Every structure is written in C-alpha cells, then in structure tokens.
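Working notes, structure below.
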Amino acid sequence: MASIACEAVLLRAVEFGESDLVVHLLTEEGGRLTAIAKSARKSLRRFPGTLDLFNHLAIEGRTRPRGGMGFLERARLVDPHLGLRRDPARYALASFLVELLDRLSPEAMEAVEARPLFALASRSLALIERVRPTPSLRILLELRLLDALGLRPELERCVRCGREPGDDVPDAHGVNFHVPDGGLVCSACARGQEGLVPIALGTLRALADGLVRPFDELAEQALPQAGVREAARLAFRFQRFHVGVELRSERFLDEALPIPPPGPGPA
Ligand SMILES: [Zn+2]
C-alpha cells in the first residue's frame with residue numbers, strides 16, 4: 001500500500017463494526033478514496049471530531065494503487081464549512097453535490113487530474129456557504145461538477161451535423177438535447193427523432209456561458225426566468241443518465257430548493 005498525505009473533503013461516513021467508520025473522501029492528490037478509520041468512534045486522539053459530512057480535512061492514510069478500501073490514519077480539521085448547516089437549501093445543495101462526487105469521482109486518479117476536481121469541489125462548498133443558493137446556481141454548479149468529472153454536455157454545436165444553431169428558422173423556436181449523445185441536436189437533425197429534451201436557444205446559451213465563465217461570477221449569473229425549468233430538466237436527465245440511479249439527496253433538494261414553475265412569456 002502507498003501512503004497519502006493531502007487535503008480532502010468528506011463525502012460520506014458509514015458506521016462499521018463496533019467502533020469503526022468507513023469514510024468516502026475526495027482527496028486533492030488521488031480523487032475518491034474509500035478508507036476505514038479504525039476506532040474512529042472512540043479515538044478522539046486521531047480523529048478529534050473531524051469525520052463529519054462536508055468537512056475539509058488534512059488527512060494521512062494508506063491507499064491501494066488501483067483503488068479499493070484504504071486506511072485513514074489521521075485527520076485534522078481545516079474547515080468544517082459550518083455555514084452549510086445554517087439552512088435547508090444550503091445543506092441540501094451541498095449534500096447533493098457531495099453525493100454526485102461520491103458516485104462519479106474516479107478512484108486512484110493522477111494528481112494532475114485530481115487537483116482541479118478537488119479545487120472545484122471545495123470552492124463550490126465555500127460558495128454555497130457564502131451565498132444563499134438559487135435554482136440557477138443549483139443547475140450551474142451541477143453542470144460544472146459534471147464537466148469536471150469528464151461529463152461535459154455539448155451545448156454549442158449540433159452533435160449530428162456540427163452546425164451552431166442560429167436565431168433564424170428553424171432553430172428560433174428552440175432546439176433539442178439528446179441525453180445519450182450528451183449534446184444539442186439542431187432542428188433539422190431532430191426531425192423524426194424520439195427521446196429529445198426541447199430547450200430554448202437562450203437557455204442553452206446561458207448554460208454554455210455558465211460552463212466557461214469565471215467560477216467566482218457563477219452566483220451572479222441568473223438563467224432566464226422562463227428557462228430555469230427546462231434547464232433543470234436537461235441537467236437532471238443528463239445527470240440521471242450518467243449516475244443511473246436516484247441520488248438519496250435529490251428529493252430533499254427538490255423540497256429545500258425547488259425549481260420554480262415556468263415564468264410568463266415564451267419559454
Ligand atoms: Zn444538426
């Protein structure tokens with residue numbers, strides 16, 4: 001086994017045996033790590049109240065080269081992200097994002113790939129702590145995280161013909177998103193096809209912008225009011241296709257940070 005010493009965010013902790021915990025961590029140097037913390041429910045010396053959800057930690061442990069269960073030997077608290085526990089919307093969105101990371105982050109990643117994923121995860125938690133989340137922020141953070149996990153939806157060019165949809169006929173009334181192909185399908189290519197998610201051009205462009213704009217500006221970006229619902233549907237269908245099952249936090253998130261009904265005017 002190799003040793004690891006770096007920063008990590010706690011994604012999940014499950015009681016194991018009489019006094020142990022199995023923790024799921026997103027580490028800065030190696031991606032996802034599942035590790036057993038021996039006597040964690042007894043030992044305040046090695047784990048002094050550190051193994052709680054969302055906690056940003058400095059850890060020491062041992063890992064297997066190709067993933068699988070490792071050992072957590074020490075953990076020191078860097079930032080408990082207490083603000084995430086302040087209200088249900090923050091807590092629910094943070095729970096959703098860490099669950100997504102727990103499901104989709106690869107194990108035993110190269111450090112060069114693990115670092116940007118870890119950075120995005122910790123910046124996302126810090127942002128939700130600072131700014132009360134809106135439905136727009138929920139959708140944009142979900143897409144940014146999926147992008148960092150290697151699942152970037154194609155929002156600018158048609159995945160069939162490569163054309164950028166324009167404001168002229170026939171795309172002006174909206175285009176479509178094909179979930180298994182992970183990208184937009186222009187109106188010409190969409191004819192006669194099934195399983196497409198319709199989406200307005202303005203919404204699509206706002207989502208494409210949300211994928212590339214500086215992270216610190218994300219909280220200021222509001223999706224067009226009429227488009228929040230269709231953007232949420234697109235993000236949801238894309239996420240579910242890749243995760244495969246319903247996330248435990250999804251219903252709680254829908255209650256704590258609901259997607260508003262479609263606004264007035266053309267969608
Ligand atoms: Zn096309």
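Read-outs throughout are calculated quantities, based only on the coordinates presented, and are distinct from any laboratory measurement. The model shown is predicted, which means the values in this text are computed figures rather than measured ones. Because the Cβ atoms are built from the backbone with ideal geometry, glycine has one as well, and the counts that use them run over all protein chains shown.
Using +1 on the beta carbon of Lys and Arg, -1 on that of Asp and Glu, and nothing else charged, what's the dipole of the chain about the Cα centre, debye to 20? Before the final figure, lay out each step's value.
Numbers: 35 positive and 36 negative charges, 147 e Å.
That gives the chain a dipole magnitude of about 700 debye.
Can you sort Cys6, Cys161 from fewest to most other Cβ atoms within 10 Å of each residue's own Cβ? Before the final figure, lay out the partial values.
Details: Cys6 19, Cys161 10.
Taking fewest neighbouring Cβ atoms as first place, the list is Cys161, Cys6.
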With θ set to phi - 60°, apply the Karplus curve 6.51 cos²θ - 1.76 cosθ + 1.60 along region 82-95 and write out the HN-Hα couplings as whole Hz, x wherever there is a Gly or Pro.
4, x, 5, 9, 6, 8, x, 5, 4, 4, 5, 5, 5, 4
Have a look at Gly67, Ser95, Leu26 and report the one farthest towards the positive end of the charge dipole of region 1-133, computed about the Cα centre with Cβ charges (Lys/Arg +1, Asp/Glu -1).
Ser95
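Counting other beta carbons within 10 Å of each Cβ, put Leu82, Leu143 in order, fewest first.
Working: Leu82 10, Leu143 23.
Ascending Cβ contact count within 10 Å gives the list Leu82, Leu143.
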Which order do Glu194, Glu250, Glu164 fall in if you start with the one that has the fewest other Cβ atoms within 10 Å?
Glu194, Glu164, Glu250
Taking Cα centroids, how far is region 71-150 from region 197-233 in Å?
20
Go through region 3-8 residue by residue and turn each phi into a ³J(HN,Hα) via Karplus (6.51, -1.76, 1.60, θ = phi - 60°); whole Hz please, and just put x for glycine and proline.
8, 9, 9, 6, 8, 7
Send over the Kirkwood Rh of region 154-267, from the inverse of the averaged 1/r over different Cα pairs, rounded to one decimal Å.
15.1
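Check each of the trypsin sites (Lys or Arg not before Pro) in region 166-267 and keep only those in coil by DSSP with at most 14 other C-beta atoms within 10 angstrom; list them in order.
Numbers: sites: Arg191, Arg205, Arg229, Arg233, Arg237, Arg240, Arg248, Arg251; in loops: Arg191, Arg248.
Those that pass, being in a loop and sparsely packed, are Arg191, Arg248.
Using only DSSP helix segments of four residues or longer, with each worth -39500 (n - 2.57), what per-residue ellipticity at 222 nm results for the chain after dividing by its residue count and rounding to 500?
Using -39500 (n - 2.57) per qualifying helix, the result is -10500 deg cm²/dmol.
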